[in-house]
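Notes to accompany the following structure.
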Amino acid sequence: MSEYDVIVVGAGNAAMAAALTARQHGARVIVLEAADPDNAGGNTRYAAGQTRTTYRGVEDLLEIVPDLTRDEIASSDFGQYLREDFLEDVGRLTQYRCNPELVETLVDNSHATLKWMREQGVRFQASYGRQAVNVDGRYKFWGGLPCEIWGGGPGLLEAYYRGAAQAGIEIRHRTHALDLILDSRRVAGVRCASRGETFDVRAKAVVLACGGFEANAEMRARYLGPNWDLAKVRGTKFNTGQGLKMALQIGASAAGHWSGAHSTCWDLNSPETGDLRVGDGYQKFSYPIGIMINARGERFVDEGADLQVYTYSRIGREILAQPGMLAWQVFDQRAVPLLLREYRIREVTKVTAPTLEALAEKLEGVDAKAFLKTMEAYNAAVPPGEPQINISVRDGRATNGLALPKSNWAYRIDRGPFEAYAVTTGITFTFGGLRITPRAQVVDAAWEPIQGLYAAGEIVGGIFFNGYPGGTGLVSGAVFGRIAGREAASHRP
Ligand SMILES: Cc1cc2nc3c(=O)[nH]c(=O)nc-3n(C[C@H](O)[C@H](O)[C@H](O)COP(=O)(O)OP(=O)(O)OC[C@H]3O[C@@H](n4cnc5c(N)ncnc54)[C@H](O)[C@@H]3O)c2cc1C
């Protein structure tokens, strides 16, 4: 008889949701984690902690953020985000390619799962910093993201690891899962490597929650295409696609957008993979209130196509297609006071100048003359008037007559001093993955469940295609992690 009922591969959000749930259903659980304790937890450790959930109003939010004060409630317009809003956002952004059963499972369990996370000791707070705008003295929340995890990804992991220690769940660090062990057609364990040794760990069921292939340059080039090998990795270096390879090797079905990934604006001079000291600080998400230009001095994307949380995950791909994989974000003094906190970090590639002409000389790698022409044409195309900039709504202030419009938040950029920030493509996670059922069972080529094999988190394919609504990764991992943990615990070989 094996020592364990359930093996969970990985120690990030999806994995820990699975491990804790399996334990709560009576299973003996072991977690196998490639990283050392300081780096364990994958992309979850880098996450800002924004969490998308359905809610009908402040009463539903109070179940997640119970310490909202009376004053906060009185001075805030939280709005609501209903089941149909969440479904529509995922549908629209994935061009309706997403697997409807999986997305319904995700949406219908989002609120209950955040409540469960709270019961595990995870704390949430209202997102006043990123997701609220002060309009006429009231905080208006926008984008379906009113709450975030206290302490971000590290805060989430701290609560999970505390819970795991209390529940007696062993986390074996520096342990790389290499292969799945089969007993006939049933998954019966994992072949591992640790400190130069290989060994087997056996159990009745295995949950794969070990991320996508975003940190594997070879797989990025192979599946995402040319130059994706040059993208910066926003998070962990440990998500190398090994879990995907192990499952495909035993006949698991691949699903979803294997040539697609979540990728965004990331500091040009950031390191090859994430730096925990800086976390998500290398991101630069205020582009809707400025413009972005490439090395030719031209705009290349509609910076105001939609609310930032609905466009940012597609922009990395747009930057990748530009010469030198480089873009500069340009702002004037209308926008500078509104820039998000990540623009104020020490590790930033930034230039400032009192005039656009002087700025043009400082934009390294950019055709200065063409840049000034772009600015002139852009400023001439901006509608008249100066209402307060409000990023919580699509304000309809679109440019007039430009071949590439800016559809919202078009304000003149002519009030110095000017600031510009250099960015490149930062990949967050890959969209392609394993095909699962709504019960988190990994299926084979006949779409029949492979006995004893479950998956959750980034390693799952079929949920996100092309685009992604911000704050959905963590909730998706937790929803399917909980389901995988429950199913794996009750699995009878
Ligand atoms: C900078 C940044 C900011 C983000 N912000 C947000 C946000 O605000 N909100 C949101 O919802 N999402 C956010 N995301 C996305 C989110 O972090 C991820 O979607 C989510 O954390 C993935 O969880 P996971 O459990 O699937 O994978 P991970 O958290 O990456 O965990 C995978 C685990 O598997 C381990 N592993 C990998 N290979 C092996 C192997 N062979 N053997 C053993 N272990 C292995 C890794 O070490 C890791 O512990 C952000 C991501 C980044 C990078």
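Hey, which of these cross-link pairs are over 29 Å Cα-Cα: LYS245/LYS284; LYS245/LYS350; LYS237/LYS284? Each step should come with its number before you reach the end.
Working: LYS245/LYS284 33 Å; LYS245/LYS350 40 Å; LYS237/LYS284 21 Å.
As for pairs spanning more than 29 Å Cα to Cα, those are LYS245/LYS284; LYS245/LYS350.
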(request) Could you state the angle between the C-alpha long axis of helix 83-93 and the longest principal axis of the C-alpha atoms of the chain, as a value from 0 to 90 degrees rounded to the nearest 10? (result) 70
(request) Give the span of region 391-493's Cα atoms along each principal axis, as three whole-Å numbers ordered largest to smallest. (result) 69, 27, 26
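Which net charge results for the neighbourhood of LEU20, defined as the other residues with beta-carbon distances under 12 angstrom from its beta-carbon, given Lys and Arg at +1 and Asp and Glu at -1? The partial results should precede the final answer.
Working: positive: ARG23, ARG162, ARG482, ARG486; negative: GLU119.
Its environment carries a net charge of +3.
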(request) Any aspartates and glutamates with Cα under 14 Å of the LYS204 Cα? List them, leaving off those in the same chain fewer than 8 positions away. (result) GLU3, ASP5, ASP183, GLU487
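Seen from all sides and averaged, what is the projected area of the convex hull of the Cα atoms in region 210-337, in nm²? List each step's numbers first, then the result.
Details: hull surface 35.9 nm².
Convex hull of Cα atoms, orientation-averaged projection: 9.0 nm².
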(request) On a C-alpha basis, how far is the centre of region 302-369 from the centre of region 121-145 in Å? Whole number, if you could? (result) 25
(request) With everything on Cα atoms, drop me the angle between helix 473-489 and the longest principal axis of the chain, reported from 0 to 90° to the nearest 10. (result) 10
(request) Give the longest segment of the chain that steers clear of trypsin sites (Lys or Arg not before Pro) in DSSP loops with at most 12 neighbouring Cβ atoms within 10 Å, not counting the sites themselves. (result) 347-493
(request) Take every DSSP beta bridge whose two residues both sit in the chain, then give the antiparallel share in percent to the nearest 5. (result) 75
(message) Angle check, please: helix 152-167 long axis (alpha carbons) against the longest principal axis of the chain (alpha carbons), in degrees 0 to 90, nearest 10.
(response) 10
(message) I need the P(r) histogram for region 255-411: all alpha carbon pairs, bin width 5 Å from 0 out to the longest distance, whole percents.
(response) 2, 8, 17, 22, 22, 17, 8, 3, 1, 0, 0
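Cα-Cα pairs above 22 Å in region 57-142: how many percent? Intermediate results must be reported in sequence, preceding the final value.
Working: 1408 of 3655 pairs.
Tail of the P(r) past 22 Å holds 39 percent of the pairs.
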(request) Sequence neighbours fewer than 8 away in the same chain don't count; with that in mind, list the aspartates and glutamates whose C-alpha is under 16 Å from LYS373. (result) GLU298, GLU357, GLU361, ASP414
(message) Over all directions, the average projected area of the alpha-carbon convex hull for region 1-46 comes to how many nm²?
(response) 3.4
(request) Mind grabbing the base-10 log of I(q)/I(0) for region 1-138 at q = 0.09, 0.16, 0.17 Å⁻¹? Debye formula, identical points on the C-alpha positions, no solvent, two decimal places. (result) -0.38, -1.05, -1.13
(message) Just to be sure I follow the definition: excluding the sites themselves, where is the longest run in the chain that has none of the chymotrypsin sites (Phe, Trp or Tyr not before Pro) in a DSSP loop with at most 12 other Cβ atoms within 10 Å?
(response) 97-446
(request) With the Cα gyration tensor of the chain in hand, convert its eigenvalues to equivalent ellipsoid semi-axes via √(5λ) and list them largest first in whole Å. (result) 41, 25, 19
(request) Could you tell me which of rounded, prolate or oblate describes region 260-315, using a ≥ b ≥ c as the square roots of the eigenvalues of the alpha-carbon gyration tensor, with rounded for a/c under 1.5 and, failing that, prolate when a/b is larger than b/c and oblate otherwise? (result) prolate
(request) Calculate the translational D of region 151-250 in whole µm² s⁻¹ from Stokes-Einstein, where the hydrodynamic radius comes from the Kirkwood formula applied to all Cα pairs, the temperature is 10 °C and the viscosity 1.306 mPa s. (result) 101
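Any read-out appearing in this document is the output of simple, stated calculations on the displayed coordinates, not a laboratory observation. A quick note: this is a predicted structure, and the numbers were derived from the prediction, not measured. Positions of Cβ are generated from backbone atoms using ideal geometry, with glycine treated the same way; all protein chains shown enter the neighbour counts.
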